[in-house]
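Working notes for the structure below.
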Amino acid sequence: MICGLMFTFTQLSIGQQPSGTEHHKLQMFIKTRKTRSYILFFIAAIFGLSGCNIVKKESKTPVLLKTEIASQAELINEVNRFARVGSMRAKMDLKFEDNSFAQFGSKEVYRSADGEVVVQRPASILLKVQVPVIKSDVAQMTSDGSQFRVAILQDGGSGKFKKFVIGTNNADYSKLQKELDTSNGSAIVRNVNAFANLRPQHFTDAMLVRPTDADHLYTQSTTYQIEEDITTGKKSPLRSVTRGYYLLDEFLRQADGTLTITRRFWFDRVGGLRLARQQLFDAKGEIESDIVYGREGNLTDTGEYNNLPLRIQVTRLKEKYTMSLTYQTPETVTIGKTYPETAFVLQNTWNLEELDLDKKLQETLADTPAASPVNTNHNSATRFQ
């Protein structure tokens with residue numbers, strides 16, 4: 001349009017006479033020679049700046065970070081380096097996030113707490129949750145690899161909802177979850193079930209990475225993600241980056257010859273090789289646990305366990321929660337000690353009311369009315385006719 005106007009006014013400036021109609025319109029628009037001069041100057045300036053081309057604007061793109069090269073053997077070695085930890089005892093800061101937007105006990109007590117964790121292969125764990133400062137136990141929970149036990153020692157109220165919860169690790173309590181949530185509107189009662197969902201065995205594979213073995217197949221691939229580095233300034237060119245990862249997928253061959261994914265490891269390739277994430281899958285290929293490993297440091301004061309994550313974040317998508325575990329004093333962590341099996345079977349020494357989730361689930365299923373049979377007699381009258 002600007003170029004067209006420039007052509008029109010150029011015609012006038014060199015004395016070309018427009019037609020009668022055009023002359024009348026131009027005379028209405030340009031009333032004086034002075035006004036016409038200003039317009040010509042303005043258009044000429046635009047013409048000189050733009051050259052009648054579209055003005056180009058710079059747009060920033062995430063910085064592509066330089067990536068390192070590694071072989072599949074190196075990735076497997078890094079997994080097995082993590083797997084050197086056979087047992088551990090540590091004081092940790094615990095932060096709970098309820099992804100279902102339901103309250104988890106007393107917010108001040110349960111959302112941020114102190115914790116003591118003891119884990120031992122293959123799948124044993126003891127977890128104590130304590131109120132900060134006064135160090136009073138909120139809950140204790142154990143898993144011996146097949147069953148879990150949870151003692152709820154504080155409920156943020158009168159104490160009448162304290163429970164000793166017993167359940168099976170691989171059981172599906174989703175129907176029980178719905179029954180408890182709808183049968184009683186008390187938030188504290190629902191928190192009893194929330195503690196059952198916070199199964200201690202969810203953290204064993206996060207803290208004790210299982211080694212690779214010959215029973216599984218492994219494949220290596222790459223992926224890139226656009227990420228925002230909140231540690232840099234908002235105007236920094238490194239605020240938004242494209243980071244490269246190696247993926248190491250673990251598969252189990254089934255009897256019919258098909259492959260089922262069991263684990264996926266993410267390795268950060270920027271500035272070296274770092275295990276940044278581990279995803280665990282169920283038999284249907286759905287993600288059970290999404291585990292993110294934070295910055296690395298040294299555990300114990302022996303110098304034998306260096307470059308291990310100082311923060312672990314476990315997200316359980318089905319149970320709708322995230323728990324972050326951060327070592328309070330990494331140098332005081334104990335690694336390699338053998339604990340008796342009885343340490344991972346919690347006893348009800350508090351004489352709490354016991355809640356057996358397996359029995360409760362059976363009762364719930366028994367009380368569920370069976371579906372009404374479908375009437376296949378087309379001669380029978382119905383109220384829909």
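Data table
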| quantity | calculated |
| --- | --- |
| Residue list for the stretch 65-80, restricted to those being touching a residue at least 60 places away in the same chain (Cβ under 8 Å), outside any loop (DSSP other than H, G, I, E, B) and surrounded by fewer than 17 Cβ atoms within 10 Å (Cβ to Cβ) | Gln72, Glu74, Asn80 |
| Boolean, Asp268 is crowded, with 17+ Cβ neighbours inside 10 Å, free of Cβ contacts under 8 Å to residues at least 40 places away in the same chain, of a type in the set (Asp, Glu) and in contact with a Gly (Cβ under 9 Å, 6 or more places away or on another chain) | yes |
| For Val117: the one exception among (1) farther than 24 Å from Leu275 by Cα; (2) at pLDDT 95 or above | (1) |
| Meets criteria (surrounded by 18 or more Cβ atoms within 10 Å (Cβ to Cβ), in the same structural domain as Thr326 (by TED's automatic domain parsing), modelled with pLDDT under 85 and over 27 Å from Phe82 (Cα atoms)) for Val109 | yes |
| Test: residue in the stretch 271-284 that is crowded, with 17+ Cβ neighbours inside 10 Å, within 19 Å of Ala90 (Cα to Cα) and touching a Phe, Trp or Tyr at 6+ places or on another chain (Cβ under 6 Å) | no |
| Flag for Thr260 being within 20 Å of the chain's Cα centre (by Cα), polar (S, T, N, Q) and in a strand (DSSP E or B) | no |
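The rows are residues; the columns are (1) in contact with a strand residue (DSSP E or B) (Cβ under 7 Å, 6 or more places away or on another chain); (2) β-branched (Val, Ile, Thr); (3) at pLDDT below 95.
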residue	(1), (2), (3)
Ile39	no, yes, yes
Phe42	no, no, yes
Ile46	no, yes, yes
Lys57	no, no, yes
Lys60	no, no, yes
Leu64	yes, no, yes
Ala73	no, no, no
Ile76	yes, yes, no
Asn80	no, no, no
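The values are calculated or read from the model by the stated rules, or taken from the named source; none is laboratory data. Since the model is a prediction, treat every value here as computed from it, not as a measurement. Because the Cβ atoms are built from the backbone with ideal geometry, glycine has one as well, and the counts that use them run over all protein chains shown.
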